[in-house]
């Protein structure tokens, strides 16, 4: 039996938990606000990235950057929490994937910021938008990888406080893969905005759930954790 760890001595885990809780909510709220500020913007046919170009573009671009920063903090906390239940190799891969996700989101926002001074159809603007798309795709792949790696890292753990999250990570990873394929199949169609939102919602829900899990673990007294294994 693995001995439970008192994570209250690691305030960084609680900080990471709050980063995971705040990031999805902040991202969704900012997207909703800017969508309302854009007359004619469609949640069904328009991509989220379209909000990073044109009127009030700064809101969405800063949204990308801030969400990415929170995701990096969250990812480092997940790695620290998982290190108490699994070998260092799997944990490192999970942490790296989450950090890549955060960096990809930040880079996506920065590319749109760099494109903003140029006319929309200029060569530089198009180049920056391609880089934004690449960074976004990299972030998508990284967060899906992190979900499966988290499931793998927890697969042999007998700790009950991780059991439900282990299953959630597997289901979330499988659903994310299928929704990503659906988004790619409908890309440039009249439904690309809808399928993108369906896909993005799953990793965001997973991050939100992981944030609450980290928050719970960071403040659970060691006596309470111990009782769960007896």
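Since every read-out is calculated from the coordinates, none of them should be taken as a lab result. These numbers come from a predicted model, not from an experiment. Here the Cβ is made from the backbone with ideal geometry for all residues, glycine too, and neighbour counts use every protein chain on show.
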Could you tell me how far the Cα centroid of segment 52-102 sits from the Cα centroid of segment 123-151, in Å? 12 Å
Inter-label distance for residue 123 and residue 205, nm, one decimal - labels placed 7 Å from Cα along Cα-to-Cβ: 4.5 nm
Going fewest to most other Cβ atoms within 10 Å around each Cβ, 89, 152 line up as 89, 152
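Fully extended, how many nm does the chain gain between residue 33 and residue 12 (0.36 nm per residue separation, minus their Cα-Cα distance)?
Working it through step by step, the gained length comes to 4.5 nm.
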Assertion target for 162, 18, 212, ordered by fewest C-beta neighbours within 10 angstrom first, is 212, 18, 162
In a Gaussian network model of the chain with springs linking alpha carbons closer than 10 Å, the residue among 76, 37, 98 that fluctuates most is 37
Top of 61, 121, 215 by mean-square fluctuation, Gaussian network on the chain, Cα under 10 Å: 121
If the label point sits 7 Å along Cα→Cβ of residue 43, residues of segment 200-219 with amide N under 15 Å come out as 200-202
Under a GNM of the chain (C-alpha, springs under 10 Å), which listed residue has the highest mean-square fluctuation: 136, 201, 188? 188
Cα gyration tensor category, rounded, prolate or oblate, for the chain with a/c compared to 1.5: prolate
Sketch the reach of a paramagnetic label on residue 133 as a point 7 Å from Cα along Cα-to-Cβ, and name the residues of segment 47-69 whose backbone nitrogen lies under 13 Å away. 47, 49-50
So what is the calculated 222 nm ellipticity per residue for the chain, using -39500 (n - 2.57) for each DSSP H run with n of 4 or more, over all residues, to the nearest 500 deg cm²/dmol? -26500 deg cm²/dmol
Compute the relative contact order of the chain as a whole-number percentage, counting only Cα pairs closer than 8 Å that sit 6 or more residues apart in sequence. 32 percent
